Amino acid sequence: MSQADSDRTLPVDVPALQAVGLTKRFPGVVANDDVSLSVHAGQVVALLGENGAGKSTLVKMIYGLYQPDEGQIRIRGEAVRLSGPRDAIRRGIGMVHQHFQLVPVFTVAENVILGDEPHRGPMVSMAEATERVRRLSEEYGLQVDVNARVEDLPVGAQQRVEILKALYRKADILILDEPTAVLTPQETDELLKVMRRFAASGVAVIFITHKLREVLEVADTIEVLRGGKVVGTTTPSQTDQADLAEMMVGRSVLLRVDKAPAQPGETVLDVAGLRALDDLGLPALTDVSLQVRSGEIVGIAGVEGNGQRELVECLTGLRRCSAQRLLIGGADAHGATPHAIHAMGVGHVPEDREKDGLVGPYSVADNLVLNRFDEPQFATRGVRNRRSIRELASGLIARFDVRTPSAATPAEALSGGNKQKVVIARELAARPRLLIAAQPTRGVDVGSIEFIHAQIVAARDAGAGVLLVSAELDEVMGLSDRIAVMYRGQLVAELPAEGADRSRIGRLMAGGSEDPSPAAPSDDA
C-alpha cells in the first residue's frame with residue numbers, strides 16, 4: 001500500500017467527505033443556504049431535488065469550481081480550501097459532469113489519460129496508457145473499446161469513458177452529476193449496478209438526480225434539496241416515491257398519469273412505406289407504416305438509436321425521406337418544409353430543446369411565437385405587433401406555469417423544466433391537430449413531468465392526435481393508448497397500452513421475439 005493509500009485509510013466513523021454549513025450566493029439568489037452532508041467510504045449518497053434546487057451548485061463547491069461564501073469542506077476529517085478542480089483531483093475527488101467533457105476525435109484511452117499521461121522518457125507511452133485503461137475498465141465492469149474514437153461511441157459508452165477518467169486519477173470520492181439524463185433505460189440500469197460496485201470497492205459516491213426510481217434502487221442515504229436548503233434526509237427503507245416527490249416539490253405529486261379512456265376519431269397521420277437514411281448515409285428507417293388518430297396517444301418505445309430521431313425528423317420536414325404515403329390530416333406532406341408542416345396543424349416538441357426548440361438569447365415572449373411570427377395577429381406588413389406578442393406571452397406564462405422574472409427574460413436564463421414548458425406552451429397554443437412530442441420530459445423534474453403529462457393528455461382530450469417518442473418506457477406505458485415498438489428502423493410490433501407487459505415490450509425493444517418459449521433464457525431489457 002502506498003503512502004497516499006495509507007493516508008486515505010479512515011476510521012469507520014470519519015466521513016470521506018463532509019460539507020458543513022455551505023452557503024453560496026449569486027446576484028439576486030441564494031443557491032445554497034447552510035447545506036451540510038456527509039459521505040462515508042463505500043456509501044452512495046443521493047442528492048435529490050427539482051431543477052434549480054441547488055444540487056449542482058453544491059457539488060461544484062465540493063469540486064473546487066465555486067468557492068463557498070460560508071461553511072467548510074472536510075476531506076477525510078481535514079478542513080480544506082479547494083482552489084480548483086486540480087486541487088480536488090489531487091485530494092481524490094473526481095466528478096463526472098452532466099455534459100460530457102470529451103474530445104470526440106480522440107480514442108477512449110487518449111481521452112482518459114489526457115493531462116495525466118504516462119511517459120517513457122520524453123515520449124508518451126500509449127501502449128502503457130492503453131493497457132492501464134483496459135485494466136481499469138475490466139476492474140470496474142465499465143466495458144468499452146479503449147481504441148475506439150469517442151465520436152463513434154453511443155452515449156452510454158461515452159458516459160463510461162467519463163467515469164474512467166475520474167477513476168484513472170485515483171478518485172475515491174466520485175461525484176456523478178445527473179449521469180442518467182441522456183441514457184436509455186438499459187444503460188441507466190447498468191450504470192446503477194456500476195455505482196454499487198464502486199461502493200463495494202470502497203469508493204464514496206455522490207449521485208445527483210431527480211429520478212425517484214433510481215434513488216430508491218441505488219442510494220444508501222438520500223438528501224433532498226429544495227430552494228437551496230436540505231429539507232429532508234432519509235433512506236430507501238424509510239420512504240417511497242410519493243414521499244420523496246412531496247419533499248422535492250413541497251406538495252403532493254401525482255406520479256401516475258391520470259387519464260380517461262381514449263376516444264379515437266379521424267386519422268390525422270397516415271404513413272406507409274417510409275424510408276430514410278441517417279447522417280452517415282446508412283438506412284435508418286425501413287418500410288415504416290403508422291397511423292395516429294385524433295383523440296389518442298400513440299407511443300413509440302425503443303432503445304435510442306433505432307430510428308426514432310429520424311422518424312420524427314421525417315414527419316416534421318427536417319429530414320428528406322421517401323414514402324408510399326405520408327398524409328397529415330388527409331393532405332400530402334411528402335417533401336413539405338417544417339414551416340409548411342406546422343401550417344398543416346402539426347405541433348413539434350423536439351428532443352433537444354436547446355438546439356431545436358428555443359433561441360436562447362431571444363426573450364421568452366419571442367420564443368412563444370417562434371413558429372407563428374408571420375401570422376396576422378403578430379405582424380402586419382412585416383412590422384411586428386409587440387403588444388399582441390406580450391399579451392399572448394403573458395397568458396401562456398400563467399397558463400403553463402412558466403417560472404420566469406418576466407416575458408422579456410432571455411430563454412437561456414430559465415431552468416431546464418421552465419424551458420421545456422415554454423416549448424410545450426408554444427406548440428399547444430396553436431391547437432395542433434397532430435402533436436409530435438419527442439422526449440417531452442427529458443431532463444426535467446418530477447413536478448414539471450406531472451404538469452407536462454397533464455398538458456399532453458389535455459391536448460388529446462381536446463381532439464389532437466399525439467405521437468409520443470420517449471426513451472423512458474414508464475412514460476410510454478403511462479401516457480399511451482397504443483404502443484408501437486421500434487427496432488433497427490422498423491416498427492416490429494403494435495399493442496394496446498392497457499394491460500401491456502413491460503417484459504414483453506423490453507424483449508421487443510432488444511430485438512427478441514414477441515412470444516419466447518418458456519424454456520428460453522430471459523433477455524428482458
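Only the coordinates and a few stated rules stand behind these numbers; no lab work does. Everything quoted here is computed from the prediction, not taken from an experiment. All Cβ positions, even for glycine, are placed from backbone atoms using ideal geometry, and neighbour counts span all protein chains on display.
Remarks
- Mean separation of Cα contacts under 8 Å, 6 or more apart, over the residue count of the stretch 241-368: relative contact order %: 21 percent
- Solvent-free Debye calculation, one equal scatterer per alpha-carbon of the stretch 54-124: log10 I(q)/I(0) at 0.18, 0.24 Å⁻¹ equals -0.82, -1.11.
- The chymotrypsin sites (Phe, Trp or Tyr not before Pro) of the stretch 365-444 meeting both criteria, a DSSP state outside H, G, I, E and B (loop) and at most 13 other C-beta atoms within 10 angstrom of the site's C-beta, are 373.
- In the chain, the DSSP beta bridges split such that about 55 percent are antiparallel, to the nearest 5.
- Based on every Cα atom in the stretch 434-499, Rg and the maximum pairwise Cα distance Dmax equal 12.1, 34 Å.
- Cα shape, the chain, gyration tensor, a/c 1.5 rule: prolate
- Cβ-defined net charge surrounding residue 366, 13 Å radius [Lys, Arg +1; Asp, Glu -1]: +4
- Cα shape, the stretch 389-463, gyration tensor, a/c 1.5 rule: oblate
- Here, the stretch 94-209 yields an orientationally averaged convex hull projection of 6.8 nm² when only Cα atoms define the hull.
- Principal axis extents of the C-alpha atoms in the stretch 29-74 (largest first, rounded to whole Å): 34, 24, 18.
- Between residue 331 and residue 408, residue separation times 0.36 nm minus the direct Cα-Cα distance comes to 24.0 nm.
- Unit Cα scatterers, Debye sum, the stretch 12-103: log10 I(q)/I(0) for q = 0.10 Å⁻¹: -0.25
- Net dipole in debye of the chain [+1 Lys, Arg Cβ; -1 Asp, Glu Cβ; about Cα centre; nearest 20]: 1380 debye
- Potential extension, residue 238-residue 126 segment - 0.36 nm per residue separation minus Cα distance: 35.4 nm
- Across the alpha-carbon atoms of the stretch 215-341, the computed radius of gyration and Dmax are 21.8, 57 angstrom.
- Of all DSSP-defined beta bridges confined to the stretch 384-510, some 55% are antiparallel rather than parallel.
- Exposure proxy shown here: for 419, 170, the number of other Cβ atoms within 10 Å sets the order, fewest to most, as 170, 419.
- Taking the stretch 366-502 and dividing mean pair separation by its residue count, relative contact order in percent (alpha carbons under 8 Å, at least six apart): 15 percent
- The chain - mean residue ellipticity at 222 nm from DSSP helices (-39,500 (n - 2.57) per run, n ≥ 4, rounded to 500): -9000 deg cm²/dmol
- Relative contact order (%) - the chain, alpha-carbon pairs under 8 angstrom, separation at least six: 14 percent
- The simple spin-label model puts a point 7 Å past each Cα toward its Cβ; for residue 354 and residue 490 those points are separated by 3.6 nm.
- Peptides 148-161, 463-476, 278-291, 446-459 ordered by average Cβ neighbours within 10 Å, highest first: 463-476, 446-459, 148-161, 278-291
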